[in-house]
Amino acid sequence: MMSIEDRMRAITMLENGWSLRAVAREFGVNPNTIFCLKRKWQISHSVANEPKTSKRRISTAYQDTMLRQFYAEHPFTSCKQAIAATAFPGSVTTARKRLRASGLKSYRAAIKTELSERNRQHRINFALYYQNMPIDFWKTVIFSDESTFQSTPNTHTRLVTRPRNYRHAPQYVHPKNRSGRLSVAVWGWMSYAGPGTIGYINGHLTALQYRDILDNVLLPSVTSLYDQFTFQHDNSPINTANVVQQWITDNNLRLLNWPARSLDLNPIENLWGYIKKRMRENPIERGDRNLLWQKIVQEWEEVTDDYCHKLIESIPSRLEEVIQNNSGWTHY
C-alpha cells in the first residue's frame with residue numbers, strides 16, 4: 001500500500017512525463033494502481049482514501065426500546081414472535097444483537113414447581129426459624145430423599161470406516177440396545193460426615209417398603225456415626241403414612257419440620273444432581289439394571305467428604321435467599 005508521500009511523488013512523476021508502467025515499476029505496484037491514482041487526482045485533486053461510510057442502522061433507538069420492553073413483559077416469547085409483535089424492522093439475527101447489547105440473552109429456563117401461598121408461608125417460616133441456627137446444628141442433620149436414575153444410551157453419531165455402498169453390511173452396523181432406557185429408583189441419606197448409605201427401591205415405593213428402608217438402611221448406618229441426630233425427610237404421603245410415623249415414634253427420631261416443595265433447600269438434591277452428571281459423562285452401554293445399580297453405587301461411594309461439607313455449609317445461605325426472595329426459589 002502506497003503512502004500519501006509516495007502517491008504525491010507518483011503524481012509529480014506523471015506530470016513530468018513518466019509513463020504509467022515506468023511509475024509502477026518505480027514503486028513496485030500494478031500499473032492499474034497508478035492509473036486509478038491518476039484519475040483520482042484529475043477528478044478531486046486528492047490522493048487520500050475516501051472515508052468509509054458506516055452501514056445504515058436498520059432500527060431506531062425507539063424500536064430497540066420497544067423490543068426490550070416486550071421481552072421484559074414476555075420473556076418466554078420466541079424472537080420471531082417478538083419481531084412480529086413489535087414490528088421490529090430487522091431480522092432475527094439483528095434483534096438478538098440488539099438484545100445482547102442491552103444485556104438480554106436467551107438461556108435455558110429453570111423449571112420449578114409452582115409455589116402456592118401455603119407453600120410460601122411454610123418456607124418463609126422455616127427460614128426465619130432456622131436462619132440463626134449455628135452450623136454445628138446442621139452438621140448433625142441427616143438429609144434424605146429418593147431419586148430415579150436412568151441409563152443413558154450412547155446416541156452420538158458413531159463413525160465407521162467402510163467401502164462405498166456397504167452401509168448396511170453387518171460388520172459395519174453399530175448395534176443399538178433394543179431395551180432402550182432403563183431406570184432405577186434409590187433412596188439415600190447424606191450429612192456433614194459425607195455420603196451416607198443408599199438403598200435400592202424395588203418397584204414403586206410404598207409406606208411399608210419405606211419403613212423397612214428406615215429400619216434396615218438408615219438406622220444402622222446413622223447410629224454408627226451419630227449418638228444424636230435430627231432426621232429430615234419431605235412430607236410426601238408415603239413419609240407421613242401411619243406405619244412410618246409409628247416407626248419414627250417407636251425409635252424416638254427427632255424430625256426437622258420440613259416445608260413442602262423445598263427441594264432447593266435440601267443439599268442431597270445437589271448430591272443426586274452431581275452423581276447424575278457424572279453418569280451422563282460416563283454412560284453405561286448395556287441396558288442392565290444390575291449394571292446401572294452398580295454404577296450408581298460406585299459414583300455414590302466416590303463422592304468426597306469435602307463436597308458434602310460444602311453442601312451442608314451452604315444451608316444458611318439457602319435460608320437467607322428464601323428470606324430475600326420473599327419465600328421464592330433459591331439458585332440452589
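A few points about this structure:
- Top-ranked residue of the stretch 297-316 - restricted to ones that are assigned to a helix (DSSP H, G or I) and free of Cβ contacts under 8 Å to residues at least 60 places away in the same chain, ranked as nearest to His331 (Cα to Cα): Lys310
- Residue in the stretch 37-60 that is of a type in the set (Asp, Glu) and either surrounded by 11 or more Cβ atoms within 10 Å (Cβ to Cβ) or in contact (Cβ under 8 Å) with a residue 12 or more places away in the chain (or both) present: no
- Some residue of the stretch 69-76 being surrounded by fewer than 17 Cβ atoms within 10 Å (Cβ to Cβ), out of contact with any helix residue (DSSP H, G or I) (no Cβ under 7 Å at 6 or more places or on another chain), touching a residue at least 40 places away in the same chain (Cβ under 8 Å) and among the small types (Gly, Ala, Ser): no
- Qualifying residue in the stretch 35-48 (condition: under 30 Å from Leu104 (Cβ atoms), modelled with pLDDT under 90 and not hydrophobic (A, V, I, L, M, F, W, C)): no
- Residues of the stretch 5-29 satisfying the condition of being surrounded by 10 or more Cβ atoms within 10 Å (Cβ to Cβ) and either within 60 Å of the chain's Cα centre (by Cα) or among the β-branched types (Val, Ile, Thr) (or both): Asp6, Arg7, Ile11, Thr12, Val23, Phe27, Val29
- Filter result (exposed (fewer than 12 other Cβ atoms within 10 Å of the Cβ) and not in a helix (DSSP H, G or I)) within the stretch 317-331: Asn326, His331
- If you check Asp264, Asp234, Asp288, Asp250 for being of a type in the set (Asp, Glu) and exposed (fewer than 15 other Cβ atoms within 10 Å of the Cβ), only one passes: Asp250.
- Pairs meeting the criteria (first residue in the stretch 200-220 and touching a residue at least 24 places away in the same chain (Cβ under 8 Å), second residue among the aromatic types (Phe, Trp, Tyr) and assigned to a helix (DSSP H, G or I), beta carbons under 8 Å, at least 6 apart or on different chains) are Tyr200/Trp293; Arg211/Trp247; Leu214/Trp247; Asp215/Trp247.
- Cβ pairs under 9 Å, 6+ apart, first in the stretch 85-114 and without any contact (Cβ under 8 Å) to a residue 60 or more places away in the chain, second of a type in the set (Phe, Trp, Tyr) and surrounded by 11 or more Cβ atoms within 10 Å (Cβ to Cβ): Ala85/Phe70; Thr86/Phe70; Phe88/Phe70; Thr94/Phe88; Ala95/Phe88; Arg98/Phe88; Leu99/Tyr71; Leu104/Tyr71
- Scoring Gln245 on the criteria (1) closer than 30 Å to Arg118 by Cβ; (2) more than 28 Å from the chain's Cα centre (by Cα); (3) not in a helix (DSSP H, G or I) leaves a single failure, condition (3).
- Test result for Leu104, out of contact with any Asp or Glu (no Cβ under 8 Å at 6 or more places or on another chain) and part of a helix (DSSP H, G or I): no
The values are calculated or read from the model by the stated rules, or taken from the named source; none is laboratory data. Quick caveat: nothing in here was measured; it's all calculated off a predicted structure. Positions of Cβ are generated from backbone atoms using ideal geometry, with glycine treated the same way; all protein chains shown enter the neighbour counts.
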